[in-house]
1. What number goes with the only condition from (1) part of a loop (DSSP other than H, G, I, E, B); (2) free of Cβ contacts under 8 Å to residues at least 60 places away in the same chain; (3) among the charged types (D, E, K, R) that Arg468 does not pass?
2. Open to solvent by less than 90 Å² (accessible area, probe 1.4 Å), out of contact with any Asp or Glu (no Cβ under 8 Å at 6 or more places or on another chain), closer than 24 Å to Met378 by Cβ and of a type in the set (S, T, N, Q): which single residue out of Gln33, Gln17 fits that description?
3. Name the pairs: first residue in the stretch 196-212 and touching a residue at least 40 places away in the same chain (Cβ under 8 Å), second residue among the aliphatic types (A, V, I, L, M) and open to solvent by less than 10 Å² (accessible area, probe 1.4 Å), Cβ to Cβ under 9 Å, at least 6 apart or on different chains?
4. Among (1) β-branched (Val, Ile, Thr); (2) out of contact with any helix residue (DSSP H, G or I) (no Cβ under 8 Å at 6 or more places or on another chain); (3) surrounded by 14 or more Cβ atoms within 10 Å (Cβ to Cβ), where does Val370 come up short?
5. If the Cβ limit is 8 Å and pairs must be 6+ apart or interchain, which residue in the stretch 314-333 that is over 17 Å from Phe156 (Cβ atoms) and part of a loop (DSSP other than H, G, I, E, B) pairs with which residue that is β-branched (Val, Ile, Thr) and at pLDDT 90 or above?
6. Going by the structure shown, is Gly242 of a type outside the set (Asp, Glu), at pLDDT 95 or above, over 18 Å from Ala162 (Cβ atoms) and not in a helix (DSSP H, G or I)?
7. Considering only residues that are surrounded by fewer than 18 Cβ atoms within 10 Å (Cβ to Cβ), of a type outside the set (A, V, I, L, M) and not in a loop (DSSP other than H, G, I, E, B), which ones fall in the stretch 258-293?
8. Would it be correct to say that Ala401 is farther than 17 Å from Lys304 by Cβ and open to solvent by less than 30 Å² (accessible area, probe 1.4 Å)?
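The values are calculated or read from the model by the stated rules, or taken from the named source; none is laboratory data. Predicted model, so just to flag it, every value in this text is computed and none were measured. Cβ placement follows ideal geometry from the backbone for every residue including glycine, while neighbour counts extend to all protein chains displayed. For accessibility, only protein heavy atoms count, side chains too; no ligands or nucleic acids. Shrake-Rupley method; radii C 1.70, N 1.55, O 1.52, S 1.80 Å.
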Amino acid sequence: MHHQRESPIEINRELFQKAGYELIDRIADFLGQISERPVTPGESPKQLQALLGSSSLPENGMPIGALLTETTELLFNHSLLNGHPKFMGYITSSAAPIGALGDLLAAVVNPNVGAQILSPVATEIEKQTIRWLAEFIGVSPEYGGILVSGGNMANFTGFLAARKRKAVVEHNGGSKNMGIPLVYCSKTTHTWIEKAAGLFGLGANSLRWIETDQENKMNLEELEQTLLEDQKKGCYPNMVVGTAGDVSTGAVDDLSGIAAICKKHGLWFHVDGAYGIPAAVVPELSPMFAGITEADSIAMDPHKWLYSPLEAGCTLVKNPQHLIDTYSSHPVYYNFDKNGDGFTQNYYEFGLQNSRGFRALKVWLALRQVGRNGYIKMIREDIALARLFFELAENHPDLEAVTTNLSITTLRFVPQGIPVASTPERDEYLNLLNKALLDVLQQGGEVFLSNAIVKEKYCLRSCIVNFRTSEKDIREIINIIVREGIAVHLKLTESIKSI
């Protein structure tokens, strides 16, 4: 009598092993020659749709060998490769190979890291990962936290804890509702803050945008002045958002200055360190992040500067009880309470998700593979490459270096023969030229940069969170920018003449 259920989705041991080995061989070849591939094929959605075809949902299945062969071909040849050494767009890192193996392992066991009973060892690994991430950036390992999908969710998780704390304080103090809780942030704060204000019921009027100084840091005098004016009006200041590595230029706010203001006025201090905060691990850079130990909540993204595969964001909170106060609920059908010895931590009480994948494994594996010193070395090298990029641009007759902070450099193509003095026509033309140049570079497949607007200048922006990028790549990229820039400039001047 045959007891095993016949299931079309099961794969027997021999076939799984054969298909798995073939897939790993292809992946190893792909990673081995990633630098010889184009960064992107630059195909249009139409071309990609034609590749997939427009057939209906399959009625019957197909063999997994053929399926995996076809799919690897699709992904390897028709993707933007952020693992390429010349990918420096936005803030997506080259993904650590051990993270890919970790994701495979996590998916095989498939723990639901929402409740301890459903993920016994995975919960402990996530707790250890959180503790290590706190140590990594130099705050107390007593900070609690949770891994989330990325920067938006990491910031939202802290933001909601700050909002909840205001409601709890009001309730316990027996005070009447004092109106909208106000949020103070610099003009360079990432767009997540506008989403948070809109989605979580505060509205755009709750945001107080504070100007930045010459270095793109929040102006603390203006912050304090705005706070005092709001208090005089009887408004309710609730939190200040500091940025540790702004997305356009990599600038880090004066965090200890913000911390002092928050302490003085009893405000929640949230730090958006999604990109930049891992640089605090580098001994000579830690003074730049002074004040981080005062933060009530911190967002950081291992899938940015810890080279984790997507998705891996993280929220750290000085007092983890704030997360439980915000997110914990106990419906009758949850049987996840304390059992046996020691405290049972259920991650559904720490954030927005109930069912949660095992994101921590890939981060934990990389931290163990590389160690603190390995990360210090890689982060230092990324920063040194960004500085080299800035210096080469500064010394090139066709380029203007604009900013460099952490591992972000902004520059623009300014062809010789363009007048030196700023005029509205010149400035407008250079913005037009650099925008057109960026479009060409992003489609061309040789290098992938993004853009930043710095003091009304449209700049090419490179963010190096890439353990594959080398000095050779930087020198080659300079040549590519100038070569393509000259071609775009010629084309533009001809089309302007013909008007």
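1. So the condition that Arg468 fails would be (2).
2. On the way: Gln17 fails: closer than 24 Å to Met378 by Cβ.
None of the others qualify; the one that does is Gln33.
3. Ala196/Val183
4. Every condition holds for Val370 apart from (2).
5. Matching pairs, first to second residue: Lys318/Val139.
6. On the way: of a type outside the set (Asp, Glu): yes; at pLDDT 95 or above: yes; over 18 Å from Ala162 (Cβ atoms): no; not in a helix (DSSP H, G or I): yes.
Spelling it out, it is not the case that Gly242 is of a type outside the set (Asp, Glu), at pLDDT 95 or above, over 18 Å from Ala162 (Cβ atoms) and not in a helix (DSSP H, G or I).
7. Matches in the stretch 258-293: Lys263, Lys264, His265, Pro283, Glu284, Ser286, Pro287, Thr293.
8. Details: farther than 17 Å from Lys304 by Cβ: yes; open to solvent by less than 30 Å² (accessible area, probe 1.4 Å): yes.
So Ala401 fits the description; yes.
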